[in-house]
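Asker: For reference, the structure I am asking about is given below.
Any read-out appearing in this document is the output of simple, stated calculations on the displayed coordinates, not a laboratory observation. Keep in mind that what you see is a predicted model, and the values were worked out from it rather than measured. Here Cβ is always computed from backbone atoms with ideal geometry, including for glycine, and neighbour counts include all displayed protein chains.
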Amino acid sequence: MEFDFNSLFAFIIFGVTIGVVYGMVALGISLIYSGLDIVHFAHGEIYMFGAFFGLVMAKDMSIPYPAALIGAMILAGLMGMLIERVFYRRLTRSGGGYTVAGMGMIICGFGMSVALMNVAFLIWGADAKPFSINLGMPLQISNISIPQSYLLTAVVSFALMGLLHFFLKYTKIGLAVRAVAQNKDIAYLMGINVPVFISLIFGLACALAAAAGVFRANAVGPGGDGLSDADESLRRSSCWRIRQSPRSTAGRNPGWHI
Amino acid sequence: MLEIKNVHAGYGKLKILRGINLSVPKGKIIALLGGNGTGKSTLLKTISGLLPLMEGSIEFDGQILDKKKPHEIVKAGLVQVTQSKESYPAMTVEENLMVGSYVRNDRHGVQQDLEKIYEFFPILKTRRKTLSGTLSGGEVQMLVIGRGLMANPKMLMLDEPSAALAPKVVLEIFSNIYKISQTGVTILIVEQNVRMALLLAEYGYIIRDGVIMLEGKSDNLIHDSSVRESFLGGTVADTSRELSA
């Protein structure tokens, strides 16, 4: 049998697209991990909420898709900042990482995960909801057809990651974020308002998760529609993603390694 | 410049400092001396706002610092330089220095100060693009002092600049601290190396168990019999000759 290079090429494109989406979630988790020394177990739920925010805005409120994407990112970012401020702040104040307080943080994260999941269940129910957007006909490159949503996902995801990299590496605020991530006491002594920056880190990570959620929701499967079984698949993949997320410890650049 | 009156502070319920009085006049070098666990670093953390004040008052340059947050205190012009090991190892030397300038908005002035610090510490210039985790102990100490200076402070608090360094390096660091004070920066130096600190400073405080045990002009302290017994031993003359050379 002849080797099917077209299929191989298609699989690579689809694989990279899906990988990039998961990469964005992982990037968020690793941002929080390096910034606060905690593993954010409820990040998968933020991702799911982001998808639902996008769905509600694009379908029920019929906002155009790009605006819905940005809206979902902002909403999820604010939601993350609120959660951090109300619940996690008390715990991180007493130290995170591999201490007893860090253990409390993990339990709090799991609790938050369960709580958010059930909130979503109460609002939207457990049924799968289709999230199809019409971006026109799939693109034809020789014999392969690539749905537009995949292309959009890949391009925007890479752009977002590039933006984050630029922000962390070359701006003053980004430098301060890295300083906070590496050593909070010294950052404080250099005049950086650490609590504000922790909020910022959380907001950024959650906004990334929301973007990933929206993309994943409308790009799942080569057919290009259907947030198939929202709760189930997202919940299951959240554990997988944590293992996949890079181990950016406090001593490393909190970004841009997927 | 800095007036500390009857300061009580500590960690949680544990009280470390019990009524500290200390004053640092403008433009001078003042030394705070004491062994391990006597409350030196606790006092610095309290002044910087990392630890809450339980009692007493801290006044700096006409402002009351009692309830201020650490970043507000830095903006007021009071900067603490922590012990030598605490740079940002995953950042380059230049990035480390730029973190220090975070509170400032005058890009031009920051660039000028960066050049000034490279003049003070030429070794940092040669290694500006390398990660600060690869620097030697003495270089890291220079880096953290430089980082403190990048905030353009009115007063610098140095926490044990001689800790874990070779005597020759200590000498170099101390002569640089002297040069910095000549540029008009007030300095409070916290040290275990009593002899060196007293040679540098004009006035010294000796802290023990959270209270100021003794204070006085450096010359008097060096010749004080109790100080000699508990800290010095041996002669002061040798090092002073070295320092002037």
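Asker: If the elastic network links every pair of Cα atoms under 10 Å, which of B:29, B:145, B:20 fluctuates the most in the Gaussian network model of chain B?
Answerer: Greatest mean-square fluctuation among the candidates belongs to B:20.
Asker: Could you tell me the calculated FRET efficiency between residue A:62 and residue A:173, based on Cβ-Cβ distance and R0 = 35 angstrom, to the nearest 0.05?
Answerer: Computed FRET efficiency for residue A:62 and residue A:173 comes out at 0.50.
Asker: Just to confirm a number: summing +1 for Lys and Arg and -1 for Asp and Glu over residues other than residue B:187 whose beta-carbon lies under 13 angstrom from that of residue B:187, what do you get?
Answerer: So the surrounding residues net to +1.
Asker: At what distance in nm do the modelled label points of residue B:128 and residue B:104 sit from each other, each positioned 7 Å from its Cα along Cα→Cβ?
Answerer: Inter-label distance under the simple model: 1.4 nm.
Asker: Please give the average number of partner chain Cβ atoms lying within 10 Å of the Cβ of each residue in B:151-158, rounded to a whole number.
Answerer: Mean shielding by partner chains, rounded to a whole number: 1.
Asker: Starting from the Cα of residue B:75, draw a straight line to each of the aspartates and glutamates and keep only those under 20 Å, dropping any in the same chain fewer than 8 residues away.
Answerer: List returned: A:185, B:3, B:59, B:61, B:66, B:95, B:106, B:113, B:159.
Asker: Moving on. Averaged across the residues of B:96-102, what count of C-beta atoms belonging to other chains lies within 10 Å of each residue's C-beta?
Answerer: Working: counts 4, 0, 4, 13, 5, 4, 10.
Rounded to a whole number, the mean comes out at 6.
Asker: With a point put 7 Å past each Cα toward its Cβ, work out how far residue B:168 is from residue A:143 in nm, to one decimal.
Answerer: The answer from the label model is 7.3 nm.
Asker: Then there is this: If the protein assembly as shown were replaced by its equivalent ellipsoid, with semi-axes equal to the square roots of 5 times the Cα gyration tensor eigenvalues, what would those be, largest first, whole Å?
Answerer: That gives 55, 24, 18 Å for the three semi-axes.
Asker: So in the range B:2-244, what percent of DSSP beta bridges are antiparallel if you round to the nearest 5?
Answerer: DSSP beta bridges in the range B:2-244 are roughly 55 percent antiparallel.
Asker: Between residue B:66 and residue A:114, what FRET efficiency follows from the Cβ-Cβ distance if R0 is 35 Å, with the result rounded to 0.05?
Answerer: Numbers: r = 43 Å, r/R0 = 1.23.
Calculated transfer efficiency: 0.25.
Asker: Averaged over its residues, how many other protein chain Cβ atoms are within 10 Å of peptide A:166-173's Cβ atoms? Display every interim value, and only then the final one.
Answerer: Details: counts 0, 0, 0, 1, 0, 0, 8, 1.
Average neighbour count from other chains, rounded to a whole number: 1.
Asker: Tabulate in residue order the Karplus-calculated ³J(HN,Hα) for the range A:141-149, using 6.51 cos²θ - 1.76 cosθ + 1.60 with θ = phi - 60°, rounded to whole Hz; enter x for Gly and Pro.
Answerer: 10, 6, 9, 9, 10, 10, x, 4, 4
Asker: When a footprinting reagent is the concern and you count Cβ atoms within 10 Å, what order do B:160, B:59 take, fewest first?
Answerer: B:59, B:160
Asker: Something else now. With charges only on Cβ, +1 for K and R and -1 for D and E, what is the dipole size of the range B:2-244 about its Cα centre, in debye, rounded to 20? It would help to have the intermediate numbers written out before the result.
Answerer: On the way: 29 positive and 26 negative charges, 94 e Å.
So the magnitude is around 460 debye.
Asker: Divide by every residue of chain B the summed helix terms, -39500 (n - 2.57) for each DSSP H run of at least 4, and state the resulting mean residue ellipticity at 222 nm, rounded to the nearest 500 deg cm²/dmol. Please report the intermediate quantities before stating the final value.
Answerer: Details: 10 runs with 93 residues, N = 245.
Computed mean residue ellipticity for chain B: -11000 deg cm²/dmol.
Asker: Tell me the label-point distance for the pair residue A:3, residue B:57, using the 7 Å Cα-to-Cβ offset, in nm and rounded to one decimal.
Answerer: 8.3 nm
Asker: Would you mind ranking A:43, B:223, B:8, B:71 so that the residue whose beta carbon has the fewest other beta carbons within 10 Å leads the list?
Answerer: Ranked by crowding around the Cβ, least crowded first: B:223, B:8, B:71, A:43.
Asker: Find the centroid of the Cα atoms in the range A:1-64 and in the range B:14-29, then give the distance between the two in whole Å.
Answerer: The two parts, judged by their Cα centres, are 54 Å apart.
Asker: Let me ask something additional. Need one word for the range B:2-244: rounded, prolate or oblate. Basis is the Cα gyration tensor (sqrt eigenvalues a ≥ b ≥ c); a/c below 1.5 gives rounded, then a/b vs b/c decides.
Answerer: Verdict is oblate for the range B:2-244.
Asker: Note down the magnitude of the dipole of the protein assembly as shown about its Cα centre, charges +1 on Lys and Arg C-beta and -1 on Asp and Glu C-beta and zero elsewhere, to the nearest 20 debye.
Answerer: Once rounded to the nearest 20, the dipole reads 400 debye.
Asker: At a 10 Å Cβ-Cβ cut-off, how would you order B:107, A:89, fewest neighbours first? Walk me through the numbers on the way to the answer.
Answerer: Details: B:107 10, A:89 15.
Result, fewest neighbours first: B:107, A:89.
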